[in-house]
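Step one of this worksheet: look at the structure below.
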Amino acid sequence: MIGVALAMTAFGSLTTITALPAAADVTTPDYAITAAAQATVSPTTVVVGADTSWTVAFTTPAALGSGATLTIGDNEGNAVAGTAPAATAYLLSGACLDTDAATASPSSGLVFTVNCSSGISAGATVEIVFEANAPTSDFYFEVSTSANGVPVDTNLVTTTSTPPTLGASTLVPGVGATYTITDAGASRATGGSWSTLAQSATSIELVSQGQGASPVPISWFTGGGASGYTVTYTPPHGTATADAVSAVNASSAGAVYLDLASAVPEGSTVNITADGVNPTVSGVSDYVEVTPGVVTSGSSFTTSGTEPFTSVGPTETTGSLTFALPVASATLSLSSTVGGATGVTYTLSFVASAAVAASTGTITISEISGPTDFSAVAS
């Protein structure tokens, strides 16, 4: 609105009409300022190197016609770059479903092409599903399209690392045992550091590392040749494959080298069984270092000096085992078995199969199900 003032002379008669500067605001119709919605990804917590199925979703502010592309990268630069998309990779938006849209680009990541003749309308929600290994640290994905090259970031994905598992058929000191090492390499349950190798591994080194001030390693058994050892690997998106151990070589440093009939492809998950003798001292703990490598052709192993083994990937360290004589005749009684009861007295009795030292000795109690609330233990 424009205000008009009427100015009168001092004599009171109307002599002039003057238009003064406008003083009121003029309001336009409402309009909205919008930005592309942040992309989201699930899962949000994964194991380092895990072969993971990802779902990335975002809203595209611009229409994407047939032939348009969408690119998925990440701030680490290695989560999807160069990854061959699995058969399950697809792009979904409304009625548009492309199941053969993905290609790998070593420089940018995964590129998806819109093949639907109808294209994708502006403001539509787009979901992209694909498989790729997780990188070595926390990261987020970056999404861009051919209609807008500025990437949109997803929420942060947190990575965790769980070591390969070490198991033994018995923990009695000084007796023979079969050891199992599961989920070494690049599996969902481990660090995944074998996702890439310098070359395919034709040998695996196992080094027993005793813990404590006076470590006592596992003594690997080689008297029966390779008969006491097995190796199974599972390549990415593949099936478990038994790999015959053609020879074993041991050194005095607690190491044994497994020569394989077939090379282990990079990115594989590896499970191993091995025969040996437990440490002879009760109460010691051990873990095993697992390294992929190759053996120098024509070289021989010795009990000392440099072994003819060259690693082609990082060493992974298993969890540890504590070797001790088992207790016997263990019994447990409770003053109350009512669920949720407080102040319950637990009475545990057992026969010690070996002496427990005063001051330094310990008795450890754990449960195989529960959990029982031991946070208020007294007396």
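Computed quantities for the displayed model
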item	result
Among residues of the range 339-352, those that are at pLDDT below 85, on the phi < 0 side of the Ramachandran plot and out of contact with any strand residue (DSSP E or B) (no Cβ under 6 Å at 6 or more places or on another chain), counted	4
From the options 46, 56, residue that is at pLDDT 90 or above and assigned to a strand (DSSP E or B)	56
Condition met for residue 137 (at pLDDT below 80, outside any strand (DSSP E or B) and not assigned by TED's automatic domain parsing to the domain that holds residue 73)	no
Counted residues, the range 180-193 - those being at pLDDT 80 or above and either in a loop (DSSP other than H, G, I, E, B) or over 15 Å from residue 162 (Cα atoms) (or both)	1
Any hit, the range 246-255, residues being in contact with a Leu (Cβ under 8 Å, 6 or more places away or on another chain), of a type outside the set (S, T, N, Q), modelled with pLDDT under 90 and under 22 Å from residue 171 (Cα atoms)	yes
Test: residue in the range 289-297 that is touching a strand residue (DSSP E or B) at 6+ places or on another chain (Cβ under 6 Å) and under 30 Å from residue 360 (Cα atoms)	yes
Counted residues, the range 140-155 - those being surrounded by fewer than 22 Cβ atoms within 10 Å (Cβ to Cβ) and either under 18 Å from residue 66 (Cα atoms) or not assigned by TED's automatic domain parsing to the domain that holds residue 122 (or both)	5
Considering residues of the range 91-125 that are farther than 18 Å from residue 144 by Cβ and of a type in the set (S, T, N, Q) only, the residue modelled with the lowest pLDDT	99
Single condition residue 96 does not satisfy, out of (1) crowded, with 18+ Cβ neighbours inside 10 Å; (2) within 31 Å of the chain's Cα centre (by Cα); (3) not β-branched (Val, Ile, Thr)	(2)
Top-ranked residue in the range 196-244 [being among the hydrophobic types (A, V, I, L, M, F, W, C) and assigned to a loop (DSSP other than H, G, I, E, B); ranked as nearest to residue 269 (Cα to Cα)]	240
Any chance residue 196 is under 20 Å from residue 137 (Cβ atoms), at pLDDT below 90, among the β-branched types (Val, Ile, Thr) and assigned by TED's automatic domain parsing to the domain that holds residue 316	yes
Residue that is outside any loop (DSSP other than H, G, I, E, B), surrounded by fewer than 20 Cβ atoms within 10 Å (Cβ to Cβ) and in contact (Cβ under 8 Å) with a residue 24 or more places away in the chain, where the choices are 280, 331, 322, 310	322
Inter-residue pairs, beta-carbon under 6 Å, first closer than 30 Å to residue 278 by Cβ and in the range 143-168, second part of a strand (DSSP E or B) and small (Gly, Ala, Ser), 6+ apart	164/184; 168/177
Qualifying positions in the range 234-271 - within 27 Å of the chain's Cα centre (by Cα) and acidic (Asp, Glu)	243, 266
Residues that are surrounded by fewer than 17 Cβ atoms within 10 Å (Cβ to Cβ) and polar (S, T, N, Q), drawn from the range 231-248	232, 239, 241, 246
The range 338-360 residues that are farther than 21 Å from residue 171 by Cβ, paired with ones that are surrounded by 10 or more Cβ atoms within 10 Å (Cβ to Cβ) and not aliphatic (A, V, I, L, M) (beta carbon under 6 Å, 6 or more apart)	344/335; 344/336; 345/335; 347/333
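The values are calculated or read from the model by the stated rules, or taken from the named source; none is laboratory data. What you see is a predicted model; the values in this text were computed from it and never measured. Neighbour counts are summed over all protein chains in view; Cβ atoms, including those assigned to glycine, are modelled from backbone coordinates with ideal geometry.
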